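To start, the structure under review is shown below, and the notes come after it.
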Amino acid sequence: MDRRIYFDNAATSFPKPESVWQALDNYSRNIGASAGRGAYHEAMTSGHVIQQCRERIAQFIGASCPQNVIMTSNCTDGLVLAIKGVVLKPGSHVITTSMEHNSVLRPLYALRQQLGIDVTYIEADSYGICDPNDIRRAIRPETVLIACVHGSNVCGSLQDVNTIGEIARDHEILYLVDAAQSIGHYPVNVDDMNVDFLAFPGHKGLLGPLGTGVLYIKPGREQLLRPLKEGGTGSRSEDPFQPQEMPDKFEGGSHNALGIAGLSEGVAWLLEKGQDQLRQHDEMLCREFLKAADAVSGLTIYGPRDIARRLSVFSVSIDGYTPVELSKLLESQYGLLTRPGLHCAPFAHKAIGSFALGGTSRFSCGMFNTVDDVRYAVSSLIEIAEKK
């Protein structure tokens, strides 16, 4: 089909703002150097590009210290750094939820196998929402870390991360939030959340290229986190130990400066829009999707019906189709690009009741999706359901 509408922004955003593509081209053609590896103009410019990106991200999330914005290669890197960098030992207790991505579930499972830590998984309801009081009740004297996803990559449900942050603060427990799906769609402020660690990708809601991500570390908490790699930083080359200054402590090796240049312009584009406008756009798409698809026989839409409790990530199923069959049909007959399966979050699919079906077909919206896109998507789903 000539008409192709991208609905896989939960995997990576597309398209990007023109300024992002221009930044990638400019860096490739005119800068090219590795930051901190020379005193010549291009190397210094590379360092400036990276620092400007830190400052823009800090502004976007309400952080006071840009040097605590750690550049990673994706959200997984940031989550793993936070989870495995915390000093854990046999018997240490971690609380997480059934809505987590494998980027949280798998590191915790590995630590259970390797160290003998204990993990409590807080169950979500059928809409994908956890009760913060269940987290409060799960706390033990040996609880070291609470790890919670903000917005579900499966069904768009939003956890009450602010209340959970208050619980963690009151019990002096480290708190990690996975903002992979929420940032760029829903207002994120590190002080409101009371986070110690906030991980997110650069290539989704922040509109940067693949190969970029961030772990924000609350000032002072870097002392409680071990680097997972050591290497060149362009600083303190005479010292055999990894520098302890931020951000060098956690940024061994050359940066993906090309990707960071693009990410910086994506964040600048979002800052100009403002977080309120970003959220209004997301809510508009949520409202249209849920309204148009309500009460269609054979069509199931998972996740909250309350727009205030969700993002524009929609898992759907139609009776008689597997997720793969439905997504293939949506592309071949309607030009709609969706993602089928379990979306790297098996417990989440068990919570919402779609695991036995092999998952769902997922529509995930971005800043460049329109109300007309959503109306066309829903009308296509209705047509398929009615034909079946």
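Of the set (1) more than 24 Å from the chain's Cα centre (by Cα); (2) open to solvent by less than 30 Å² (accessible area, probe 1.4 Å); (3) among the hydrophobic types (A, V, I, L, M, F, W, C), all apply to Ala295 but (2).
So that you can scan it fast, the table gives a plain yes or no per residue for (1) over 30 Å from Tyr186 (Cβ atoms); (2) in contact with a Ser or Thr (Cβ under 9 Å, 6 or more places away or on another chain):
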site: Ser34; (1), (2): yes, yes
site: Met44; (1), (2): yes, no
site: Val49; (1), (2): no, yes
site: Cys53; (1), (2): no, yes
site: Ala82; (1), (2): no, no
site: Leu108; (1), (2): no, yes
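Among residues of segment 185-209 that are within 12 Å of Ala63 (Cα to Cα), those with a Cβ under 8 angstrom from a residue that is buried (at least 22 other Cβ atoms within 10 Å of the Cβ) and polar (S, T, N, Q), sequence gap 6+ or separate chain, pair up as Val188/Ser182. Looking at Leu330, Leu326, just one residue is farther than 24 Å from His101 by Cα and either part of a strand (DSSP E or B) or open to solvent by less than 10 Å² (accessible area, probe 1.4 Å) (or both), and that residue is Leu330.
Every residue, every condition in (1) modelled with pLDDT of 95 or more; (2) touching a Lys or Arg at 6+ places or on another chain (Cβ under 7 Å); (3) among the small types (Gly, Ala, Ser), yes or no:
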{"position": "Pro240", "(1), (2), (3)": "no, no, no"}
{"position": "Gln244", "(1), (2), (3)": "no, no, no"}
{"position": "Gly252", "(1), (2), (3)": "no, yes, yes"}
{"position": "Ala257", "(1), (2), (3)": "yes, no, yes"}
{"position": "Ala261", "(1), (2), (3)": "yes, no, yes"}
{"position": "Ser264", "(1), (2), (3)": "yes, yes, yes"}
{"position": "Lys273", "(1), (2), (3)": "yes, no, no"}
{"position": "Leu285", "(1), (2), (3)": "yes, no, no"}
{"position": "Ser297", "(1), (2), (3)": "no, no, yes"}
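For segment 97-106, check the following and say yes or no: at least one residue is free of Cβ contacts under 8 Å to residues at least 60 places away in the same chain and in contact with a strand residue (DSSP E or B) (Cβ under 7 Å, 6 or more places away or on another chain). No, segment 97-106 contains no residue that is free of Cβ contacts under 8 Å to residues at least 60 places away in the same chain and in contact with a strand residue (DSSP E or B) (Cβ under 7 Å, 6 or more places away or on another chain). Based on what the data block shows, is Cys344 surrounded by fewer than 19 Cβ atoms within 10 Å (Cβ to Cβ), at pLDDT 95 or above and touching a helix residue (DSSP H, G or I) at 6+ places or on another chain (Cβ under 6 Å)? Considered against the rule, which asks whether it is surrounded by fewer than 19 Cβ atoms within 10 Å (Cβ to Cβ), at pLDDT 95 or above and touching a helix residue (DSSP H, G or I) at 6+ places or on another chain (Cβ under 6 Å), Cys344 comes out as yes. One residue alone among Leu174, Leu145, Leu158 is in contact with a Leu (Cβ under 9 Å, 6 or more places away or on another chain), open to solvent by 20 Å² or more (accessible area, probe 1.4 Å) and not acidic (Asp, Glu), and that residue is Leu174. For segment 249-279, a residue qualifies if it is open to solvent by 50 Å² or more (accessible area, probe 1.4 Å) and over 22 Å from Tyr186 (Cα atoms), and the qualifying residues are Ser254, His255, Asn256, Leu258. Counting only residues that are farther than 30 Å from Arg279 by Cα and touching a residue at least 40 places away in the same chain (Cβ under 8 Å), segment 34-71 holds 5 of them.
The values are calculated or read from the model by the stated rules, or taken from the named source; none is laboratory data. Keep in mind that this is a model prediction, so the values were computed, not measured. Neighbour counts run over all protein chains shown; Cβ positions are idealised from the backbone, glycine included. Protein only, heavy atoms only, side chains kept; ligands, DNA and RNA dropped before computing areas. Shrake-Rupley method; radii C 1.70, N 1.55, O 1.52, S 1.80 Å.
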